[in-house]
1. Within the range 27-65, which residues are among the small types (G, A, S) and either crowded, with 22+ Cβ neighbours inside 10 Å or farther than 12 Å from A98 by Cα (or both)?
2. Taking the range 1-15 only, how many residues are in a loop (DSSP other than H, G, I, E, B) and within 19 Å of L287 (Cβ to Cβ)?
3. Please indicate, with yes or no, whether at least one residue in the range 283-290 is among the hydroxyl-bearing types (S, T, Y), under 14 Å from the mean Cα position of the chain (by Cα) and modelled with pLDDT under 95.
4. Give A252, A281 a once-over and let me know the one that is under 11 Å from G38 (Cα atoms), of a type in the set (G, A, S) and crowded, with 22+ Cβ neighbours inside 10 Å.
5. Are any residues in the range 16-54 in a loop (DSSP other than H, G, I, E, B), more than 20 Å from E270 (Cβ to Cβ) and touching a residue at least 40 places away in the same chain (Cβ under 8 Å), and if so, which ones?
6. If G133 satisfies all but one of (1) within 23 Å of G245 (Cα to Cα); (2) touching a helix residue (DSSP H, G or I) at 6+ places or on another chain (Cβ under 6 Å), what's the number of the condition it fails?
7. Considering only residues of the range 265-299 that are in contact with a strand residue (DSSP E or B) (Cβ under 7 Å, 6 or more places away or on another chain), assigned to a helix (DSSP H, G or I) and not hydrophobic (A, V, I, L, M, F, W, C), which is nearest to K45 (Cα to Cα)?
8. Residues T78, T93: which one is closer than 30 Å to Q8 by Cβ and part of a loop (DSSP other than H, G, I, E, B)?
Amino acid sequence: MRAVQYEQYGGPEVLEIAEVDEPHAGPGQIRIRVHAAGVNAMDWKLRDGMLAKGPLTAPRGVGVDAAGVVDEVGEGVTGVSVGDRVFGSGRDTYAERAILGVWAPLPHHVPFEEGAAAPVPIDTAFRILRELGLHEGDTLVISGAAGGVGTALIQIAKAQGLIVIGTASAANQEFVEALGALATTYDEGWVERVRELAVAEVNGAADLAGKGVIPQLIELTGDPAEVVTIADASATELGAKATFGGGDKAGALREGARLMGTGELRMIVEETYPLEQTPEAQRVSKLGHGRGRAVVLID
């Protein structure tokens, strides 16, 4: 089967399509015929070697998120059958077949590309909200609201009855507002503009971009414990929370699937790329200026 791999760390140019053996589902896993794979920051960070603990000793696959049709079910797996449409996370998903360790049913009206864009953003959004422990009617500020995680977080927070204020570029103001948030730009004076938009106090804040805004978010909430980041590990030095994984991912995907089914959550796919253009997809993803997610389509 065809799969994207790299044999050395580096830029997008190290990615290539190779012929590899098909994987098989182990206990607690499923295999899917991949229709689309989501492009996440983790993909290019691994490829760049940013998280490397040593040199590569063998070719490595790419991708964690995908959507497709189940074609193999591992030992002990229940509640899913060959032929089911699913989305989820696993390993080496930029490929014609991929193994998923966590998944949820993909509602029939939701395109595969939207399902592929969903797993990491949905899981991250629910994890942020669990960390903040907000209640219906509370106000949440999102710094960097137009990306994949931001678009999911806005919609999920709105579904939970929160008031959402999002910062984004000038070009993305209407986009953020269309998702249900109050919007402002992140240039000079943004803290004052957020205060003007807030109906009452700001009860929680999420940093999705890692642009050094933790002090300002603490200023807005009045408490470091009410600020969480997914992009700035140094935030803990100021008393804020940092979350980079963990929690009930399977539960998050199931709830995300429910919200997609009811129309309360729609994953935004800004651009799709054929498998051959995976390097370009990752290059654009790394720029970090897009709306929603980029997705690689597998023919």
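1. Step one: of the range 27-65, the residues among the small types (G, A, S) are 28, 36-38, 41, 49, 52, 54, 58, 61, 63.
Scanning the range 27-65 gives G28, A36, A37, G38, A41, G49, A52, G54, A58, G63.
2. Taking the range 1-15 and keeping what is in a loop (DSSP other than H, G, I, E, B), we get 1, 7-11, 15.
From what's left, within 19 Å of L287 (Cβ to Cβ): 10-11, 15.
Qualifying residue count, the range 1-15: 3.
3. So in the range 283-290, the residues among the hydroxyl-bearing types (S, T, Y) come out as 285.
This time we only want the ones that are under 14 Å from the mean Cα position of the chain (by Cα), so: 285.
From what's left, modelled with pLDDT under 95: 285.
Yes, the range 283-290 contains at least one residue that is among the hydroxyl-bearing types (S, T, Y), under 14 Å from the mean Cα position of the chain (by Cα) and modelled with pLDDT under 95.
4. Working: A252 fails: under 11 Å from G38 (Cα atoms).
Exactly one of A252, A281 is under 11 Å from G38 (Cα atoms), of a type in the set (G, A, S) and crowded, with 22+ Cβ neighbours inside 10 Å, namely A281.
5. Pass one, the range 16-54, residues in a loop (DSSP other than H, G, I, E, B): 20-29, 39-40, 49-54.
Remaining after also requiring more than 20 Å from E270 (Cβ to Cβ): 20-29, 49-54.
Within the range 16-54, V20, E22, P23, H24, A25, G26, P27, G28, Q29, G49, A52 qualify.
6. Among (1) within 23 Å of G245 (Cα to Cα); (2) touching a helix residue (DSSP H, G or I) at 6+ places or on another chain (Cβ under 6 Å), G133 violates only (2).
7. This residue is S285.
8. Values: T78 fails: closer than 30 Å to Q8 by Cβ.
Of the residues listed, the single one that is closer than 30 Å to Q8 by Cβ and part of a loop (DSSP other than H, G, I, E, B) is T93.
The values are calculated or read from the model by the stated rules, or taken from the named source; none is laboratory data. Everything numeric in this text was worked out from a predicted model, so none of it was measured. As a convention, Cβ positions derive from the backbone with ideal geometry for all residues, glycine included, and neighbour counts pool all protein chains shown.
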